[in-house]
Structure formats: structure tokens, C-alpha cells
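Student: Here it is, the structure in full.
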Amino acid sequence: QVQLVESGGGLVQAGGSLRLSCAASGRSFSPYAMGWFRQAPGKEREFVAGISVSSTALYAESVKGRFTIFRDNALVYLQMDSLKPEDTAVYYCAIRSGSAVYSQTSRYGYWGQGTQVTVSS
């Protein structure tokens, strides 16, 4: 059984920064690729960023240049800079069994409960 716990969400003004953290527990952390997704009200869950076992990162076009994903053993982080109101959503951490990173939600087998990020204009 794998458990993922996100933290670091909150309210920030546009242009500000937040860092999300995700802690995995329950079994050996590697080799698992990690991903961050988000879901805004009334919208489908979407890929934000992912990182492979070898720390190759993949980003959604909407966050490229503003967000950075990195990992440290059983922790994965999402550094979010230059935040925009459209970044407002619940952010979810997910892991998949396998070394490669993918953007599809169906590729990920374990999910956290989510953390709210609100960006005010």
C-alpha cells in the first residue's frame, strides 16, 4: 500500500510563489516516476509536471518556465513561480510503477488527496 501526502498549498497573489511537497510512504520509493496534476472546478484533471526515475522532467506547456519539479528520494516537490489566477486548482501528487514519466492520468496508480492552491488577481 502506498500513501502520498501533499502539502504546501495556500493563497498567494498573482506573481507570487509556492512550493508543494509530496511525501510517499508504504513501500520502496524507486523505481517510480512522479507526477503533479491539478483540477480546477468544473474542469478535468490535467497534467502539470512529471519527473522520471532519472530525474528527467516533463512539463505542461502552460507552466513551462514557471514551474520546476524535482525529487529527493521519497519526496517530490513542485516549485511554482510567477503564479497566475488560472493556476488556481487542487493539486495532486501521483506516482506510477515504472521509470518513465507520462502526462496521462491513466498511467498513474497512486494518488494523494490533493492540496488547494489559490492565486488571487
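The values are calculated or read from the model by the stated rules, or taken from the named source; none is laboratory data. These numbers were taken from a predicted model, which means no experiment stands behind them. Reconstructed Cβ throughout: ideal geometry from the backbone, glycine too, with neighbour counts over all protein chains shown. Note: areas computed on protein heavy atoms with side chains; ligands, DNA, RNA excluded. Shrake-Rupley method; radii C 1.70, N 1.55, O 1.52, S 1.80 Å.
Student: Residues being closer than 25 Å to T118 by Cβ and among the β-branched types (V, I, T): count how many of those fall in segment 1-43.
Tutor: Going through segment 1-43 one residue at a time, the tally reaches 2.
Student: For segment 60-97, how many residues meet the condition of being in a strand (DSSP E or B) and not β-branched (V, I, T)?
Tutor: Selection size over segment 60-97: 16.
Student: Kindly list the number of the only condition in (1) assigned to a strand (DSSP E or B); (2) without any contact (Cβ under 8 Å) to a residue 40 or more places away in the chain that fails for V117.
Tutor: Evaluating V117 over (1) assigned to a strand (DSSP E or B); (2) without any contact (Cβ under 8 Å) to a residue 40 or more places away in the chain leaves (2) as the failure.
Student: In segment 43-70, what residues are open to solvent by 40 Å² or more (accessible area, probe 1.4 Å), within 13 Å of the chain's Cα centre (by Cα) and under 17 Å from R107 (Cβ atoms)?
Tutor: Once the filter is applied, which keeps residues that are open to solvent by 40 Å² or more (accessible area, probe 1.4 Å), within 13 Å of the chain's Cα centre (by Cα) and under 17 Å from R107 (Cβ atoms), segment 43-70 yields R45, E46, A57, L58, Y59.
Student: Could you list, in sequence order, the residues of segment 43-59 that are farther than 12 Å from T88 by Cα and assigned to a loop (DSSP other than H, G, I, E, B)?
Tutor: E44, R45, S52, V53, S54, S55, T56
Student: All but one of (1) in contact with a Leu (Cβ under 6 Å, 6 or more places away or on another chain); (2) open to solvent by 40 Å² or more (accessible area, probe 1.4 Å) hold for C93; which doesn't?
Tutor: It fails just one condition, (2).
Student: Ok, one more. Which condition does R19 not pass, out of (1) open to solvent by less than 60 Å² (accessible area, probe 1.4 Å); (2) in a strand (DSSP E or B), if it passes all the others?
Tutor: Among (1) open to solvent by less than 60 Å² (accessible area, probe 1.4 Å); (2) in a strand (DSSP E or B), the lone unmet condition for R19 is (1).
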